[in-house]
Amino acid sequence: MARGHDLVGLTVLAMLTVRPSHPYELHRFILDTHKDYITGLPRSLYHAVERLARDELIVPAKTDREGRRPERTVYEITDEGRGELVTRLRRLLEQPEPDRRALVAAVSLLGCLPPAEARSALRARAATIEGLLAGMRAHLRATAESGLPAILMLEVECEQALYTAELGWIQSVLDRLDRGELDWATTVQPPGTEM
């Protein structure tokens with residue numbers, strides 16, 4: 001499924017681990033829970049549902065009709081969909097990138113990972129960020145030594161500040177997880193995974 005990150009599809013998979021739903025319910029849930037990283041609603045949601053169904057990550061569970069309303073297909077997640085959710089979510093957590101919406105989406109859905117996998121993914125992200133920060137510091141030193149004006153490196157300084165803040169936040173979340181301060185209401189259990 002090489003569609004970038006497909007944050008809408010990821011969110012649909014996560015929401016279907018809670019209970020089978022039809023797209024309108026999913027749309028309401030996205031709005032009600034302020035999943036603001038999702039854009040293009042409702043069209044993007046319906047396209048994501050179509051892709052996920054085509055790829056057999058979700059399947060129709062039933063079709064219902066209320067009064068004179070049109071029929072609504074209720075979808076549920078498959079075992080393959082659960083595995084795909086964990087894989088995509090872990091990848092989003094582990095790999096920092098400039099588009100911070102991916103991190104916001106991953107954090108929003110963190111409870112879909114088993115606690116040990118969430119910790120591991122966050123630790124991997126922290127290690128990657130530490131490497132990025134070391135590279136930025138070296139680049140800024142080399143630029144300063146070359147005599148180039150500091151104004152030319154403001155974007156690197158900005159990225160450095162953002163990654164430094166993110167690293168501090170990740171470390172605080174890891175500390176809270178280690179101390180048992182965060183409730184863990186895992187919504188997905190991949191086949192064969194113990195909590």
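The values are calculated or read from the model by the stated rules, or taken from the named source; none is laboratory data. Just so it is clear, the structure is predicted and the values come from calculations on it, not from any experiment. Cβ: placed from backbone, ideal geometry, glycine included. Neighbour counts: every protein chain shown.
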Residue that is nearest to the chain's Cα centre (by Cα) [pool: residues in segment 69-106 that are in a helix (DSSP H, G or I), touching a residue at least 40 places away in the same chain (Cβ under 8 Å) and over 30 Å from L133 (Cα atoms)]: E84
When you check E145 against the structure, is it outside any loop (DSSP other than H, G, I, E, B), farther than 30 Å from E50 by Cα, free of Cβ contacts under 8 Å to residues at least 40 places away in the same chain and acidic (D, E), yes or no? yes
Only residues in segment 162-176 that are within 14 Å of P98 (Cα to Cα) count as the first member; pair them with residues that are charged (D, E, K, R) and at pLDDT below 95, Cβ under 9 angstrom, at least 6 apart or cross-chain, and list the lot. L162/R100; E166/R100
Scanning segment 39-68 for residues that are touching a residue at least 40 places away in the same chain (Cβ under 8 Å) and assigned to a loop (DSSP other than H, G, I, E, B), the one surrounded by the most Cβ atoms within 10 Å (Cβ to Cβ) turns out to be L57
Mind telling me which of the residues G40, G67 ends up being in contact with a helix residue (DSSP H, G or I) (Cβ under 8 Å, 6 or more places away or on another chain) and farther than 18 Å from R82 by Cβ? G40
Tally up the residues in segment 13-38 that are in a helix (DSSP H, G or I) and touching a residue at least 60 places away in the same chain (Cβ under 8 Å), please. 3
